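Encoded as structure tokens, the structure appears first; notes follow it.
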Amino acid sequence: MTHLNPKALPNERGYYGPFGGAYIPEMLYPNVEELKTNYIPILESEKFQKDFHKLLKDYVGRPTPLYLAGNLSEMVGAKIYLKREDLCHTGAHKLNNVVGQALMAKHLGKKRIIAETGAGQHGVASATVCALLRLPCTVFMGSKDMARQKPNVMRMRMLGAEVIPVESGSKSLKDATNEAIRYWINNPSETHYIIGSTIGPHPYPDLVARLQSVISDEIAEQLQRQEGIDAPTHVVACAGGGSNAAGAFFRFIGNGKTILVGAEAAGEGVDSGLTAATIAKGTPGIIHGCKTLLMQTLDGQVEEAHSISAGLDYPGIGPMHAWLAKENLAQFVPVTDKEAMEGVKTLTRAEGIIPALETAHAITALFKINLKKEDIVVVNLSGRGDKDLDTYQEYFKNEEAQLNAV
Ligand SMILES: *Cc1c(COP(=O)(O)O)cnc(C)c1O
């Protein structure tokens, strides 16, 4: 049974302080209401817990190791543990959430899964679990993103998912989301919509945080065994929508002894106009069905985010994180594209682990916070770098060329 930290939960209307809630078109109300009424009883049922934890163990590959990174510890000057979510099936933490939501869909009697995807990682995770659970899966994806992310489109189709190109608007994530919502409104009774992060209308942020909280449950158990303590001094995680950070923070939120650190993507720099550092630059507003911090113009138009990393390239952040920042329960560190690339090199050479570009933001953040030799720090290693090899090759090639020109 999952450990529930009451300090990590929203109120019954889905609010974390001033953030959260469900701001949805009237037509969507019955779908969201059905989920809201049923998600806690299902999550807490013995059958769900048994099925979920069995799949996490045998299919996803949990528990993931908590690895004491000796070389990195020496470089940072503190004891650094890596929570190896990169070793999950499909290479990232995303599967924890998708396995849980697909099981929930079955409990709700749903016959079909829909999802939206930007870079394709959430789409691939959804297609994977749908193959396993024999659920038909439709993924909405902007046609521009499809052209940019061909291998993931190929994976989804191999796995049996239908990938629907979205041609409206900017032909990317936001348009794919609109299309998925439109489909859901028209097919409410048989469809479950899997959202990929701690965003969206209540109950999604809470649902996703609870499903990902297995990460911090394992950290607590492993630290107890490996260090004889029940909480680290610091947890560091990158934050796009916020799901891997929510999972790694969950149990430790408000415990008075763990400093929670989110690494957000600063892109070209917090004040460059090309950034995804929502906590640093965002103001309260409504995006994708919830009230949170987002980057917007003075008249409320959502601004485009920029990050070299597709998974962090989002103009909002989950309401839980907006609240954690407001209450000083977590601190958020902006990390630029260039600094994240240094993080990639650092971890790769120090530990023989090539991280995802998103994850590299968390590695770099280690060098930007105050740490002492006695500190015991857990970094959530959200994903592996295979998907980013093209970006790495391109970037480091340019870097080499610049070095040679000097
Ligand atoms: C998708 C992704 C992220 C960002 O999503 P969160 O919901 O903020 O966790 C981070 N790391 C990896 C490896 C991802 O695939």
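Of the trypsin sites (Lys or Arg not before Pro) found in the range 79-145, the ones in coil according to DSSP and having at most 10 other Cβ atoms within 10 Å of their Cβ are Arg134. Given +1 at the Cβ of Lys and Arg, -1 at the Cβ of Asp and Glu and no other charges, the dipole of the chain around its Cα centre is 900 debye to the nearest 20. The average projected area of the range 257-358, computed from the convex hull of its Cα atoms over all directions, is 7.2 nm².
For the chain, the cysteines with no partner cysteine C-beta closer than 4.7 Å are Cys88, Cys238, Cys290. Summing +1 for each Lys or Arg and -1 for each Asp or Glu among the other residues whose beta-carbon sits under 14 angstrom from that of Cys238 gives -4. Applying both filters, DSSP loop and at most 11 other Cβ atoms within 10 Å, to the GluC sites (Glu not before Pro) of the range 294-343 eliminates every site. Just the protein heavy atoms count here, and of the accessible area of the chain at 1.4 Å, carbon and sulfur take up 52 percent.
Both radii are taken from the alpha-carbon atoms of the range 54-146; with Rh as the Kirkwood radius, Rg/Rh is 1.12. Semi-axes of the equivalent ellipsoid of the chain are 30, 25, 21 Å, computed as sqrt(5λ) over the eigenvalues of the C-alpha gyration tensor in descending order. Annotation for the range 195-272: trypsin sites (Lys or Arg not before Pro) lying in DSSP loop with at most 11 further Cβ atoms inside 10 Å of their Cβ are Lys257.
Computed with a 1.4 Å probe on the full set of protein chains, the accessible area for Asp145 sits at about 10 Å². Average accessible surface for the chain: 42 Å² per residue, computed with a 1.4 Å probe over protein heavy atoms with every protein chain in place. Applying a length cut-off of 15 Å (Cα extent along the axis) and a mean Kyte-Doolittle floor of 1.0 to the DSSP H helices of the chain leaves 121-133.
The values are calculated or read from the model by the stated rules, or taken from the named source; none is laboratory data. Remember, predicted model here, so these are calculated numbers, not experimental data. As a convention, Cβ positions derive from the backbone with ideal geometry for all residues, glycine included, and neighbour counts pool all protein chains shown. Only protein heavy atoms, including side chains, enter the accessible area calculation; ligands, DNA and RNA are left aside. Shrake-Rupley method; radii C 1.70, N 1.55, O 1.52, S 1.80 Å.
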